[in-house]
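See structure below.
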Amino acid sequence: MSKSAQRKLHATAGLHQPELVKLIRSLCSARRTHEVFSDFVELAALAISNSVDRVQFDSREARYLSIVGKYTPEEVSVFPKILGKLVLCYEEQISGPSAGNGERPRGELDDVLGSLYMNFELGNEHTGQFFTPYEVSKMMAKMLIQDGEDVRSRGVLRLHEPACGAGGMVIAYADALLSAGINYQQCLHAVCVDIDPCCVHMAYLQLSLLNIPAVVVHGNALSMEEWGRWYTPAHVLGGWGRKLASTSQREDAERSALALL
């Protein structure tokens, strides 16, 4: 991490993000940062997926064990600590900083892993990989959501992100819905696609921990190739497969009715 990235991190991070960085760096003495970071997000994604997706359990459990096998028991014990710090980062965002009078104002959601990925300078310059700055994503989402009346009238906001990165744009929409007084967990669904497996795991991990209903696809949005699907717990437990099918049927019926006018 460059000195400028370190200064930016300390200027914008909350209480737990610097500790998260220290834990990741503690495993980097004999390994590249990209390997440790990628292994962490994949292990966490595999663990979450296996808690709700029994169809893919065996293959993903085997993958989990193959990654863990590269590390000593002492090193393996650090990964749950990293995940714990990541969860605390999100909890800190949602609750917001202490107001000093016993009240805790609502915070704002952030793209924690995306910012770490870029601060660690892990982006692939040869493929032109660069994440949209989260502040830009927030501005775009708030401009489109505004007061949320359109979402309230439609009932469901369906997003499709063909190059999702760490899921920052979807998180920005969830934050904009919260700002408009709308529970994104009940009305937002996202389909996220990325060709980079590390991005897939980052997006899946963040959307899962923020309880955002989503399907994260490892694939190529241009060639329509697909190599894997990851269903967030909010998608599975919220019955979103059924909800989306019902919504599609209703939209088809509405289009047919309009065609007859």
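For this structure, a couple of remarks:
A quick yes/no check of all residues on (1) part of a loop (DSSP other than H, G, I, E, B); (2) buried (at least 22 other Cβ atoms within 10 Å of the Cβ); (3) under 15 Å from the mean Cα position of the chain (by Cα):
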site: VAL151; (1), (2), (3): no, no, no
site: ARG158; (1), (2), (3): no, no, no
site: ALA163; (1), (2), (3): yes, no, yes
site: ALA174; (1), (2), (3): no, yes, yes
site: GLN185; (1), (2), (3): no, no, yes
site: MET202; (1), (2), (3): no, yes, yes
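- Enumeration of residues in the stretch 9-28 that are open to solvent by 50 Å² or more (accessible area, probe 1.4 Å), assigned to a loop (DSSP other than H, G, I, E, B) and touching a residue at least 60 places away in the same chain (Cβ under 8 Å): LEU15
- Count of the stretch 206-238 residues which are assigned to a strand (DSSP E or B) and either among the aromatic types (Phe, Trp, Tyr) or open to solvent by 60 Å² or more (accessible area, probe 1.4 Å) (or both): 6
- Test: residue in the stretch 73-92 that is at pLDDT below 95, under 30 Å from ASN183 (Cβ atoms), over 16 Å from the mean Cα position of the chain (by Cα) and part of a helix (DSSP H, G or I): yes
- Residues (among the charged types (D, E, K, R) and touching a Lys or Arg at 6+ places or on another chain (Cβ under 7 Å)) located in the stretch 154-181: ASP175
- Of all residues in the stretch 187-200, exactly one satisfies the criterion of being part of a loop (DSSP other than H, G, I, E, B) and touching a residue at least 40 places away in the same chain (Cβ under 8 Å), namely ASP196.
- Single residue of the stretch 42-61 satisfying the filter (closer than 13 Å to ARG229 by Cβ and in a helix (DSSP H, G or I)) that is nearest to the chain's Cα centre (by Cα): ALA45
- Of the residues making up the stretch 209-231, those that are under 16 Å from GLY165 (Cβ atoms) and in contact with a Ser or Thr (Cβ under 7 Å, 6 or more places away or on another chain) are ILE212, ALA214, TRP230.
- Set side by side, the residues LEU258, LEU244, LEU222 differ, and just one is modelled with pLDDT under 95 and in contact with a His (Cβ under 8 Å, 6 or more places away or on another chain), which is LEU244.
- Hits in the stretch 108-123 - residues which are in a loop (DSSP other than H, G, I, E, B), touching a residue at least 24 places away in the same chain (Cβ under 8 Å) and either farther than 12 Å from GLU135 by Cα or open to solvent by less than 10 Å² (accessible area, probe 1.4 Å) (or both): LEU109, PHE120, GLU121, LEU122
- Of all residues making up the stretch 29-41, the number that are free of Cβ contacts under 8 Å to residues at least 60 places away in the same chain and assigned to a helix (DSSP H, G or I): 4
The values are calculated or read from the model by the stated rules, or taken from the named source; none is laboratory data. It should be emphasised that the depicted structure is a prediction, and the values quoted were computed from it without experimental measurement. Cβ sites come from the backbone with ideal geometry, for glycine too, and all protein chains shown count toward neighbours. Accessible surface areas use protein heavy atoms only, side chains included; no ligands, DNA or RNA. Shrake-Rupley method; radii C 1.70, N 1.55, O 1.52, S 1.80 Å.
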